Each structure stands twice: as C-alpha cells, then as structure tokens.
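See below for the structure under consideration.
The values are calculated or read from the model by the stated rules, or taken from the named source; none is laboratory data. Computed from a predicted structure; not experimentally measured. Note that we place each Cβ from the backbone using ideal geometry, even for glycine, and neighbour counts take in every protein chain shown.
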Amino acid sequence: MPHELTFLLVAGATLGAAVAAMALRNIVHCALAAIGAFAGLAALYLQLNAEFAGFAQILVYVGAVAILILFAVMLTHGSEASSSTRASGWAVAALLGLCLALGVGRSPSLWRDAKPAAGASARQIGGALVSEYIVPLETVGLLLTSALLGAVTIALRETETKTSDPGIHEERPPRASEMVSRS
Amino acid sequence: MNAPLAQYLIFSALLFTVGFAGALVRRNAILALVGIEIMLNAANLNFIAFWRFGPHPEALTGVMFVIFSIAVAAAEAAVGLALVIAIYRHRRTAQAPQFNSLRG
C-alpha cells in the first residue's frame, strides 16, 4: 500500500533526524538534523491533508526557528565541553516512552480501522480564523509582538550599566579616537 | 497493519520520547530548547492525527490548535534563545549545568 510505505519512510527519516539532533556531538550538525526532523513533520502534516498546518510548519520551523537556532549557536560559540551523558536521563526517557507506547497499545478504540476524512482548505481555515477564532487570533498577534519585543530587550547589550562593570570594560574594543591617539 | 491513527500516535510517542531524552541529557541550553521544540511538534502531530481520524473532521479544531501552537512555540523559541544569549554574555558559557548562580 503506497500510503503506508510513504508513512513508514517519512516517519523513519523524521525519527532518525530527531535522534541525530539529540545525539550528535557537533552542535551545528544537531541543529541541521533538527531542521530535517521539522521538515519531516511538515511532510507528515501534508500527508494527513492538513496543508495549511504543513506549510505553516515549513515557514515557521524550517524557516524562522531554524535560523534563530543557528544564530544562537553561532553567537554562543556552541561547543559541548563535557561529553559525558547522564544515564538517569536516558532511563527516565525510556520509561516515559514505554508508558506512552503501552497507553496507545492498550487503547482498543485507537486501533479500529478509521476512515480518513476530507482535508480542510485554506479558504475554510481563513474563514474560521476571522469569524469563530477571531479573539485567539488577536491574542496570538499580541503575544507574538510582546514576545519578540521582550526577546530583543533581553538580548540587547545593556550599554549604560555595563560601562561601570570592569569585567566587560576590559573586553571592549578600543575606540577609534584611542586608536588614533595611540598611533 | 491498517490502524493509521495508532501508527501516528505511536510515532508521535517515540518522537516525544526522543525530545524528552534530549532535553534531559544534553548540557547545551540551545539543544535542550531544540528537544523541547521536538516535544511540542510531537504533540502537534497528535492534534492533527486526532482531527483527521476523529468523528468530527469538519470542526477544524485540530488544525486551529496546531496553528496557534506553532505561533506560541515560535514566541517561546525567540524568548528562550534570547535568554541563552543574555546568559552567555554574563557567564561566557551556554552549558545549562553552569547556570547555577541561584543554587542555594
């Protein structure tokens, strides 16, 4: 059955990319593998006839969040100093995965042969967004604006308070006037 | 195997587990955030799968929830990475175990 084959291929690739993103040593490689996992999830959304969500996933994750992660890696000179993994974390995660898989496996109503429904067109979603979901839409717009303003405020270099800090003062590059006076 | 909903749910559970393990194990704060994003994405896939194979696919609830969830996750990623950069500027490290100024 071609649908199942594509599901197995895409799901395997996505899971492999996610494992690589969490297990590789080089942080840039991890970020690139995470981008692959996000793209695979977008393909799964498309396979489930959720075109709008799939393209939103590509725009937001493969586009914006990936660039944000790569810039953060570059700005922090990403390197993982100690490569010792914590075995307790793996044990807790494996226990959680076992519980989730058991929960799905032991629910008989999930295993019936569900017939797929027709997808939603972008026109339907747009109509619902501006009629039924108008208040959440405006709230999300407000949230995004305030969150991005907050992110800029947090990441901005605090010039007034930092000049009195001797630790930062030493690393300040020499000003042009100082360079001229030195030469 | 012709139970597509259970397939998607099991795949989503595995993906959530991978993200959870990464968020717990990785020491770099950026990679912990990537793990959290993978967990959020696994939850989104559950919403889409339940919407698609559920009894009322004409209600659009699953797709709407995923769209708003993607927007909130984008805001979360922006603020989280800005925090990592701000902490890096003070402590010269992005390793989460060394963010211990508040340890009692």
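Figures for the structure shown
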{"item": "Residue list for the range A:48-75, restricted to those being under 14 Å from residue A:32 (Cβ atoms) and more than 9 Å from every other protein chain (Cβ to nearest Cβ)", "result": "A:62, A:66, A:67, A:70, A:74"}
{"item": "Filter result (more than 7 Å from chain A (Cβ to nearest Cβ) and either farther than 23 Å from residue A:146 by Cα or of a type in the set (Ser, Thr, Tyr) (or both)) within the range B:79-96", "result": "B:90, B:91, B:92, B:93, B:96"}
{"item": "Options A:21, A:101; residue that is crowded, with 18+ Cβ neighbours inside 10 Å, small (Gly, Ala, Ser) and either in a helix (DSSP H, G or I) or touching a Phe, Trp or Tyr at 6+ places or on another chain (Cβ under 7 Å) (or both)", "result": "A:21"}
{"item": "Condition check for residue B:20: in a helix (DSSP H, G or I), facing chain A (nearest Cβ under 7 Å) and either under 17 Å from the mean Cα position of the chain (by Cα) or buried (at least 20 other Cβ atoms within 10 Å of the Cβ) (or both)", "result": "yes"}
{"item": "Only listed residue being of a type outside the set (Ser, Thr, Tyr) and touching a residue at least 12 places away in the same chain (Cβ under 8 Å), chosen from B:67, B:38", "result": "B:38"}
{"item": "Residues that are part of a helix (DSSP H, G or I) and buried (at least 18 other Cβ atoms within 10 Å of the Cβ), drawn from the range A:48-58", "result": "A:52, A:53, A:54, A:56, A:57"}
{"item": "Any chance residue B:88 is touching a residue at least 40 places away in the same chain (Cβ under 8 Å) and over 20 Å from residue A:21 (Cβ atoms)", "result": "no"}
{"item": "Selected residue [aliphatic (A, V, I, L, M) and under 30 Å from residue A:125 (Cβ atoms)] from A:31, A:39, A:94, A:23", "result": "A:39"}
{"item": "Matching option when the condition is at pLDDT below 90 and either at the interface with chain A (Cβ under 7 Å from one of its Cβ atoms) or within 26 Å of residue A:99 (Cβ to Cβ) (or both), among B:100, B:2", "result": "B:2"}
{"item": "Test: residue in the range B:44-57 that is under 27 Å from residue A:73 (Cβ atoms) and either within 18 Å of the chain's Cα centre (by Cα) or among the hydrophobic types (A, V, I, L, M, F, W, C) (or both)", "result": "yes"}
{"item": "Number of positions in the range B:1-49 that are among the hydroxyl-bearing types (Ser, Thr, Tyr) and closer than 14 Å to residue A:38 by Cα", "result": "1"}
{"item": "Qualifying residue in the range A:106-114 (condition: at pLDDT 85 or above, of a type in the set (Phe, Trp, Tyr) and surrounded by 13 or more Cβ atoms within 10 Å (Cβ to Cβ))", "result": "no"}
{"item": "Test result for residue B:65, within 18 Å of the chain's Cα centre (by Cα) and not aliphatic (A, V, I, L, M)", "result": "yes"}
{"item": "Number of the exception - residue A:14 against (1) of a type outside the set (A, V, I, L, M, F, W, C); (2) surrounded by fewer than 19 Cβ atoms within 10 Å (Cβ to Cβ); (3) modelled with pLDDT of 90 or more", "result": "(2)"}
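Yes/no per residue for (1) of a type in the set (S, T, N, Q); (2) at pLDDT below 85; (3) surrounded by fewer than 21 Cβ atoms within 10 Å (Cβ to Cβ):
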| site | (1), (2), (3) |
| --- | --- |
| B:49 | no, no, no |
| B:56 | no, yes, yes |
| B:63 | no, no, no |
| B:83 | no, no, yes |
